Structure formats: C-alpha cells, structure tokens
1. Grab the strands (runs of 3 or more DSSP E) fully contained in the range 285-378, keeping just those with 2 or more residues being of a type in the set (S, T, N, Q).
2. Out of (1) over 18 Å from the mean Cα position of the chain (by Cα); (2) within 15 Å of the ligand (Cβ to nearest atom); (3) of a type in the set (D, E, K, R), what's the single condition that is false for Glu230?
3. Working only within the range 380-408, note down all residues that are over 24 Å from the mean Cα position of the chain (by Cα) and closer than 25 Å to Met336 by Cα.
4. Condition check: β-branched (Val, Ile, Thr), more than 24 Å from Cys9 (Cβ to Cβ), in contact (Cβ under 8 Å) with a residue 24 or more places away in the chain and within 16 Å of the ligand (Cβ to nearest atom). Does Thr369 satisfy that?
5. Take Leu411 and tell me if it is at pLDDT 95 or above, near the ligand (Cβ under 9 Å from one of its atoms), crowded, with 22+ Cβ neighbours inside 10 Å and of a type in the set (A, V, I, L, M).
6. Could you please let me know if Ala16 is crowded, with 24+ Cβ neighbours inside 10 Å and not in a strand (DSSP E or B)?
7. Please find, among Arg202, Arg239, Arg243, the residue that is under 25 Å from Val293 (Cα atoms), of a type in the set (D, E, K, R) and more than 21 Å from the chain's Cα centre (by Cα).
8. Among residues belonging to the range 205-217 that are within 11 Å of the ligand (Cβ to nearest atom) and touching a His at 6+ places or on another chain (Cβ under 8 Å), point out the one that is nearest to Val292 (Cα to Cα).
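The values are calculated or read from the model by the stated rules, or taken from the named source; none is laboratory data. Here the structure is a predicted model, which means the values were calculated and not measured. Every residue, glycine as well, gets a Cβ built from its backbone with ideal geometry; the counts of neighbours run over all protein chains shown.
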Amino acid sequence: MKLEHADICIIGAGPAGIFTALSLLEEGDARHIVLIDRGLPIERRHCPKAETGRCVNCDPCRITTGFSGAGAFSDGKLSLSHEVGGDLPDLVGADLVERTIDRVDGLYLKFGADTHVEGVGDKDAVAQIRRRAIEAGLQLVDCPIRHLGTERAQEIYARIERYLVDAGVDLRFSATCRQLVIEGDACKGAVFVQGGETVEMRADHTIVACGRRGAGWFDQLCREHGIAHEAGPVDIGVRVEVRNEIMETVNNVLYESKLIGYPLPYKNKVRTFCQNPGGFVSQENYDGGLAVVNGHSYKERKSSNTNLAILCSQNFREPFDEPIAYAQLVGRLTNMLGAGHILVQRLGDIVDGKRTWPKELSHANVRPTLPDAVAGDITAAMPYRAMTNILNFMFAVDKAIPGFAARETLLYSPELKFYSNRVKMDARFATSLHGLHCLGDSSGWTRGLMMSSVMGYLMGKELAGVATEGTAHVR
Ligand SMILES: Cc1cc2nc3c(=O)[nH]c(=O)nc-3n(C[C@H](O)[C@H](O)[C@H](O)COP(=O)(O)OP(=O)(O)OC[C@H]3O[C@@H](n4cnc5c(N)ncnc54)[C@H](O)[C@@H]3O)c2cc1C
C-alpha cells in the first residue's frame with residue numbers, strides 16, 4: 001500500500017466537495033487539498049446512450065459520477081431558497097443558509113451561469129396558481145430558480161475544474177475510496193484504489209462528500225466505525241410525464257411548481273420535485289445494476305412534454321431501521337418486472353387496475369421521452385401506501401392544474417431518492433469522529449445542487465478559519 005499525505009482529503013468531487021475547495025481558495029488557503037472521485041474528469045464524462053440509444057451500464061455510471069458529481073449531467077436548476085433542497089437550515093440556521101446561497105450563486109455566475117432567474121416575474125399569475133393550490137389543499141413553495149441547463153452546466157463545471165487544477169488542487173479521478181483510516185476516536189485519512197494501486201491518504205481533515213451514489217457505502221462505514229447517525233427518510237415515488245400544454249401556465253410563471261400535500265388517508269407528506277419543462281425522462285444506474293428513473297431538461301433542446309417527480313417520504317426506526325435497503329428492494333422488484341428497464345404505465349390503466357401494453361402508449365397525446373422504458377404495471381411492485389399517497393396527491397394537483405391526472409398521464413417507476421443515514425453533526429459539520437466531516441447528499445442534510453454547494457462552501461470557511469455566524473472555525 002502506498003502512503004501519501006494531504007492537509008485536507010475530500011472524497012467526492014460533486015458540488016459539496018468542489019465548493020469546499022473553492023471556498024478554501026477564496027480565502028487564499030494554501031494547504032494541500034486532495035479531491036478524490038471514482039468517476040472521470042468532466043471532459044471525459046460522456047454517456048454512451050447518446051450513440052447507442054440504450055443504457056449500457058457503465059461502471060461507474062458517467063451520469064452520476066465524476067467531476068461535478070450528479071450535477072454535470074443534471075438539469076442544473078439552482079434553487080435559490082433555503083426552503084428547498086434539504087434540512088441544512090435546521091443545522092446552521094436559515095439566515096446563514098440564505099446569505100450563503102447569495103455567495104454561492106455569485107460564484108456560479110462568475111463561472112458563467114445565466115443571469116436570468118425563473119419564477120420571480122408575474123406576481124399576479126403566481127397568486128392565481130397559489131389560490132388554486134389552496135383550493136386543492138396544497139401548499140405552494142416560492143422558489144426562484146437559476147436554470148443552468150444540462151449543456152451549460154457542463155461548461156460551467158469544466159471552468160471550475162480548470163480553475164481548481166490551476167490553483168493546485170490535487171484531483172484524483174477513477175479513484176474509489178474503500179475505507180477511512182480510523183485511530184481511536186479520530187479519522188486520519190482515507191484509503192482509495194486507483195489504477196489497481198491502493199493508496200492510504202493520511203490527512204488532518206477528511207471530508208466525505210460522496211453523494212447519493214455513495215450513501216449506501218457510507219452507511220456501512222458509519223455502522224462499522226460507530227459514526228453517530230440516524231435513519232433519515234427515504235423517498236419513494238414516480239416520475240410523471242404530461243404534455244407541455246397541461247403545465248404551460250406553471251412552466252411559464254414558476255418554471256418549477258413546488259407543491260406539497262398531505263393526502264388522506266395517511267396524511268404523509270407528498271411533494272413534487274425536479275420539474276423539467278420541455279424535458280426528457282432519463283435513467284440512472286446505481287451500484288448492483290439498480291435502474292432508477294430521473295429527468296432533465298436542456299437549455300436549447302426541448303421536448304413536447306414536462307416531467308416531474310412525485311415523492312412520498314417514508315421513515316423506519318423500530319424494529320427495522322434501513323430505509324435505503326427498503327427502497328432498493330422496491331426498486332429491484334420494479335426492475336425485475338421491467339426486465340431491467342424502467343417501467344411506465346398510464347394513469348388511466350392504474351385506475352382501471354390493468355397493466356399498460358406497449359401499443360397503448362401510442363394512443364395518446366403524450367409520448368414517452370424515455371424510449372427504452374417498458375410498458376407494464378408499476379402497481380405490482382409499488383407499496384400500497386406509497387401508491388395511494390401518489391394517486392390521491394395527483395388527483396389534488398389535478399384541481400390546481402387541470403389535466404394533470406388525465407387518463408393518458410404517464411407514470412414511470414422506480415423513482416427513488418436515497419437521502420438516508422443522516423449523519424449527526426454540529427453546526428461546524430464535525431461528526432462524532434475527530435477530523436471527519438460529512439457533506440452534501442451523503443450527509444443526509446442536503447438534497448440538491450445549491451444546498452450541497454452551500455454546505456461545501458461553509459465547510460471551506462470553517463477549515464480556512466473564517467467564522468461564519470453561529471459557527472466557530474476548526475483549523
Ligand atoms: C439526473 C439528475 C438530475 C438532477 N437535477 C437536479 C437539479 O436540477 N437541481 C438540483 O438542485 N439537484 C438536481 N439533482 C441532484 C443533485 O445533482 C445532487 O443533489 C447534488 O449533485 C449533490 O451533490 P453532492 O456533492 O452531495 O453529491 P454528488 O453530486 O452525488 O457527488 C458525489 C461524488 O462522489 C463520488 N463518489 C461516491 N462514492 C465515492 C467513493 N467511494 N470514492 C470516490 N468517489 C466517490 C461520485 O463519483 C460523485 O462524483 C439531480 C440529480 C440527478 C442524478
């Protein structure tokens with residue numbers, strides 16, 4: 001095993017890891033920062049599906065790993081509100097998060113983000129949408145959005161990558177972290193494998209920012225090393241696809257409708273998430289071949305459809321406390337029914353209690369934008385409670401957005417969000433192990449590009465010794 005040393009070792013080059021480094025550099029910090037990622041540099045992150053038309057199961061997946069993490073190939077919607085993107089405000093305070101959003105947004109602008117902000121224009125139209133939401137028993141969350149767009153997000157992150165390299169940050173790609181170096185109650189670095197070589201990287205500060213993809217791996221490490229954590233919720237849902245005409249008003253006025261409901265009979269929280277006007281439904285593959293549905297939209301290339309996720313949060317504590325394992329099983333069962341593909345079903349068929357047949361997909365205004373999705377019966381794999389929540393929520397949304405719950409509306413499954421394993425930390429992001437910090441989606445505290453970037457940015461300030469309000473520095 002090769003032994004190396006760094007001052008700061010960051011595992012995961014997603015927004016959380018990247019913004020930790022950017023924030024340190026902003027303070028003129030000259031320490032040796034190593035940024036490890038199991039994926040590729042951004043210029044080599046190319047999804048072969050563009051040529052093959054089908055997912056060829058790259059390992060690791062080029063959509064979700066590599067420089068900029070799940071961000072580069074994402075739609076790049078920056079949610080400019082502390083109310084969206086996770087629970088970081090509960091940890092460090094809403095005011096600090098709101099102010100830091102401005103700073104981080106400024107950095108995205110500096111690296112080339114579009115200056116236009118969606119969802120702040122027509123106040124009367126917003127009021128009208130809110131009135132209809134209230135009538136339907138739903139809450140509408142205001143959230144300005146800066147839309148990078150998939151193509152432009154890649155350019156922005158490419159500039160950031162070059163900037164970090166030029167500033168001397170030590171980027172290691174195709175490097176998979178396997179273990180943490182633990183001595184007593186302290187973390188002294190990480191062990192990773194790169195090109196067949198095992199490296200022990202000893203560091204004063206080890207920062208795990210491995211995203212949703214790494215959440216299962218980090219969950220195991222928490223159990224193994226007694227890193228304090230608790231089971232967080234897991235989101236199970238569907239990706240809904242309708243014609244743009246149905247969502248026109250919402251798309252034009254808000255770009256993204258953040259609707260929340262607590263439908264009967266369970267009164268669980270159900271919400272819309274990640275709305276893509278003129279977008280495309282996509283597939284991402286998790287370790288072990290789990291195929292999960294997602295969606296994105298391009299800045300220039302547009303489809304005739306809008307897709308969005310409907311998610312139900314579920315939590316387990318006693319006697320079972322493994323929400324990730326639960327959601328994975330739901331996903332695998334759905335994949336099994338789709339012979340490894342994403343399943344798609346029409347809402348009308350769900351209501352009628354029948355599967356959807358492939359030829360029936362062409363009997364509609366809305367055509368699937370995920371061509372390799374397989375028509376079938378998602379209700380055969382979806383837990384009853386989640387399915388009931390989704391349907392009752394959709395019928396409520398239909399009152400606010402007529403046509404949303406039309407018989408032809410498409411539901412894709414499995415749509416799963418693994419946020420679990422909320423790592424117990426203080427406002428300085430210190431875990432129960434000295435020298436170990438955990439950021440971004442893998443910490444369980446964030447759920448989006450902006451919030452994970454904000455968490456990284458605040459981490460950088462902590463490490464650089466710049467006290468932010470409510471926190472002390474850890475240098
Ligand atoms: C298709 C898609 C669309 C999305 N669209 C949006 C959107 O429009 N707006 C929004 O706010 N959010 C969106 N998201 C979510 C957003 O991308 C994430 O919330 C965000 O990227 C989380 O940042 P992160 O730094 O915590 O983790 P990630 O971005 O997931 O980065 C984690 C990195 O860690 C690396 N890693 C994992 N395990 C290891 C290991 N063991 N060793 C080394 N490296 C490892 C991975 O390769 C990855 O690069 C989308 C996600 C997807 C998948």
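1. Output list reads 305-314.
2. Among (1) over 18 Å from the mean Cα position of the chain (by Cα); (2) within 15 Å of the ligand (Cβ to nearest atom); (3) of a type in the set (D, E, K, R), Glu230 violates only (2).
3. Ala380, Tyr384, Thr388, Glu408
4. Spelling it out, Thr369 is indeed β-branched (Val, Ile, Thr), more than 24 Å from Cys9 (Cβ to Cβ), in contact (Cβ under 8 Å) with a residue 24 or more places away in the chain and within 16 Å of the ligand (Cβ to nearest atom).
5. Criteria not met by Leu411.
6. yes
7. None of the other options fit; the residue is Arg243.
8. That would be Val208.
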